[in-house]
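Since the structure comes first, as structure tokens, the remarks are kept for the end.
The values are calculated or read from the model by the stated rules, or taken from the named source; none is laboratory data. All of these numbers come straight from a predicted model, not from anything done at the bench. With ideal geometry, Cβ positions are generated from the backbone for all residues, glycine too; neighbour counts draw on all protein chains shown. For the accessible areas, the whole protein counts, side chains as well, though only heavy atoms, and no ligand, DNA or RNA atoms are used. Shrake-Rupley method; radii C 1.70, N 1.55, O 1.52, S 1.80 Å.
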Amino acid sequence: MKYRKRLLSTAPMMDWTDRHCRVFHRQITRHTWMYTEMVTTGALVYGDVERHLRYDEVEHPIALQLGGSEPADLAKSAKLGEQWGYDEINLNCGCPSERVQKGAFGACLMNEPQLVADCVKAMRDAVSIDVTVKHRIGIDYNEDYGFVRDFIGTIADAGCRTFIVHARNAVLKGLSPKENREIPPLRYHVAYELKKEFPELEIIINGGIKTNDEIESHLRHVDGVMIGREAYHNPWLMAEWDARFYGDGTSAPGSREQVLEAMIPYIREQLERYGPLGMRLNSITRHMLGLMAGLPGARGFRQLLSDSRRLAEGNPELLLEAAGRLRKAA
């Protein structure tokens, strides 16, 4: 199926953007592209493919993000992603964690643009869906624009047409992944300059963007905007996206409580399918704690959805009870 262009997307985030999170977000925005957590090629070539790739059909459009640096393994993994019905394969060239570096992939791949090009070509030869790259704008403290320009140019020569640009450097030694999201300065102008230099490419900007007005401002310079932690911690931010950015005023939820109601059938189905040993209510509700952010009673909402005793009961009606606390507070 041909989906609308990637004006907006939610970022791949380890331990956060799992399939339950994506189904929840899909109740708020219909057209936004969703990205999986990074899945390593080893997990797919040697591991449990079904566990890593299963998702709900409602999640489309959905992209599978891969982590790896061996062209053959990436090609196999991309093919599996296509067979499972993913709409895009994304290569991680932006994660700065030492664990990822030990696997010789993530942000350290920016130092090997020809290898990345070989990986992209291998994946493009294996699949008919889009192959995209997510990367930083520099490594360590090198702020030379030519570094990221040449990186993109080399990968584009291998056929990649879409680049998701996290507008910070990745410091490979001395900073934690959390510090890498906060300490290196944001330099949005680099992404803007890349779009000017490569007008034929799709350039999507990422990093530190928190409001819909900021999104609108960035879209004057680039093709799309990817939102990470703000979408997770304040998911109602996305309620405006379909109407404001995609021109579809029919798909937005009427209220936050309607979002909770829409999740109950999904939760029931998951609990019935996998049972109490394979699925816990908290596996889904943990992604929903920020839904009421900024409203009176939001703290009580979060407290109830974090109550281990009540969660152990496995009753999805707990969502509506939590929403009732907000109505009382209002």
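Couple of notes before you dig in:
- Qualifying residue in region 37-55 (condition: within 25 Å of Trp236 (Cβ to Cβ) and of a type outside the set (S, T, N, Q)): yes
- Residue among Tyr86, Tyr188 that alone is open to solvent by 40 Å² or more (accessible area, probe 1.4 Å), of a type in the set (Ser, Thr, Tyr) and either under 28 Å from Asp56 (Cα atoms) or at pLDDT 95 or above (or both): Tyr188
- In region 136-253, counting only strands (runs of 3 or more DSSP E) that sit wholly within it, the ones holding 3 or more residues that are free of Cβ contacts under 8 Å to residues at least 60 places away in the same chain span 162-170.
- Taking the criterion of being open to solvent by 30 Å² or more (accessible area, probe 1.4 Å) and under 16 Å from Thr132 (Cβ atoms), the residues of region 89-116 that qualify are Cys95, Pro113.
- In the set (1) surrounded by 15 or more Cβ atoms within 10 Å (Cβ to Cβ); (2) closer than 14 Å to His25 by Cβ; (3) not aromatic (Phe, Trp, Tyr), the condition left unmet by Ser251 is number (1).
- Some residue of region 47-60 being more than 30 Å from Gly249 (Cα to Cα), surrounded by fewer than 18 Cβ atoms within 10 Å (Cβ to Cβ) and within 15 Å of the chain's Cα centre (by Cα): no
- Matching entry among Lys134, Lys173, Lys121 (being modelled with pLDDT under 95 and of a type in the set (D, E, K, R)): Lys173
- Residue list for region 19-37, filter: open to solvent by 20 Å² or more (accessible area, probe 1.4 Å) and free of Cβ contacts under 8 Å to residues at least 60 places away in the same chain: Arg19, Glu37
- Close Cβ contacts (under 7 Å, 6 or more residues apart or on different chains) running from residues in region 276-303 that are closer than 13 Å to Phe24 by Cβ to residues that are open to solvent by 50 Å² or more (accessible area, probe 1.4 Å) and part of a helix (DSSP H, G or I) comprise Leu289/Arg302; Gly290/His233; Leu291/Trp236.
- Scanning region 65-79 for residues that are touching a helix residue (DSSP H, G or I) at 6+ places or on another chain (Cβ under 8 Å), open to solvent by less than 40 Å² (accessible area, probe 1.4 Å) and not in a loop (DSSP other than H, G, I, E, B) yields Leu66, Gly67, Pro71, Asp73, Leu74, Ala75, Ser77, Ala78.
- Some residue of region 276-286 being closer than 19 Å to Ala231 by Cα and either modelled with pLDDT under 90 or part of a loop (DSSP other than H, G, I, E, B) (or both): no
- Those residues of region 298-325 which are at pLDDT below 90 and either among the aromatic types (Phe, Trp, Tyr) or crowded, with 18+ Cβ neighbours inside 10 Å (or both), in sequence order: Ala323, Arg325
Each row is one residue, and each column tells you yes or no for (1) open to solvent by less than 10 Å² (accessible area, probe 1.4 Å); (2) touching a Ser or Thr at 6+ places or on another chain (Cβ under 9 Å); (3) over 28 Å from Arg149 (Cβ atoms).
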| residue | (1), (2), (3) |
| --- | --- |
| Lys173 | no, no, no |
| Glu193 | no, no, no |
| Pro199 | no, no, no |
| Ile205 | yes, no, no |
| Glu216 | no, no, no |
| Trp236 | no, no, yes |
| Ala262 | no, no, yes |
| Tyr266 | no, no, yes |
